[in-house]
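The block underneath contains the structure these notes are about, expressed in structure tokens.
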Ligand code: GRF
């Protein structure tokens, strides 16, 4: 069975979407572990309630060693790492060993409103401030940059005149929950073909 690790920093609603999809057999995967870089993350509770192994690697404590510690936990044990609201930047050997095997979800249509310092509600504040009429979410592979890796899929939502950052965030989050499951499904079935930075649905190039 296709094995995944999910990395979180907060509420874990995207993790919950993955857990539900596995439990309802919409995803033929097993969530081997959940790793949080914050001790109080609610997502840890969601994992524990579903008997998923959890690890807390506090980013204040592990600092520069965080990626190496994560690698120690998952090396050889998972096929894919899913960053679901994980706020630390991964680097080093972990990125090399898991090239095209780490995905992230971001709450905007990349390349808009992304990169370092663009996370959480700030993304939606920036989108409303700019006056875009459409926003959305992006699932992409993770490379050395921040939100720069090849795009797997995007989902758009309309922006309304009376939107607040919070209302836009909520509308996009609903799409994220579908998008993250769809992306993991495509990858687990080997249906993605990666051609430089372009990702197409088709046969895998493994
Ligand atoms: C989501 O908007 C995700 O795109 C972003 O952080 C948020 C995490 O939400 N990277 P949750 O923890 O999955 O509820």
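The values are calculated or read from the model by the stated rules, or taken from the named source; none is laboratory data. These numbers come from a predicted model, not from an experiment. When we count neighbours, we look across all protein chains shown, and the Cβ atoms used for this are built from the backbone with ideal geometry, even at glycine.
Points worth noting:
- Which listed residue is touching a residue at least 24 places away in the same chain (Cβ under 8 Å), surrounded by fewer than 18 Cβ atoms within 10 Å (Cβ to Cβ) and farther than 20 Å from residue 14 by Cβ, from 129, 161, 69, 144: 144
- Counting the residues of region 66-93 that are more than 16 Å from the ligand (Cβ to nearest atom) and within 23 Å of residue 118 (Cα to Cα) gives 4.
- A single entry from 63, 77, 45, 91 fulfils the requirement of being outside any strand (DSSP E or B) and on the phi > 0 side of the Ramachandran plot: 63.
- Scanning region 1-44 for residues that are in contact with a strand residue (DSSP E or B) (Cβ under 8 Å, 6 or more places away or on another chain) and free of Cβ contacts under 8 Å to residues at least 24 places away in the same chain yields a total of 2.
- Wholly enclosed strands (runs of 3 or more DSSP E) of region 98-199 bearing at least 2 residues out of contact with any strand residue (DSSP E or B) (no Cβ under 6 Å at 6 or more places or on another chain), over 17 Å from residue 83 (Cα atoms) and at pLDDT below 95: 192-195
- Among the candidates 10, 43, residue that is touching a helix residue (DSSP H, G or I) at 6+ places or on another chain (Cβ under 6 Å), within 24 Å of residue 137 (Cβ to Cβ) and not assigned by TED's automatic domain parsing to the domain that holds residue 137: 43
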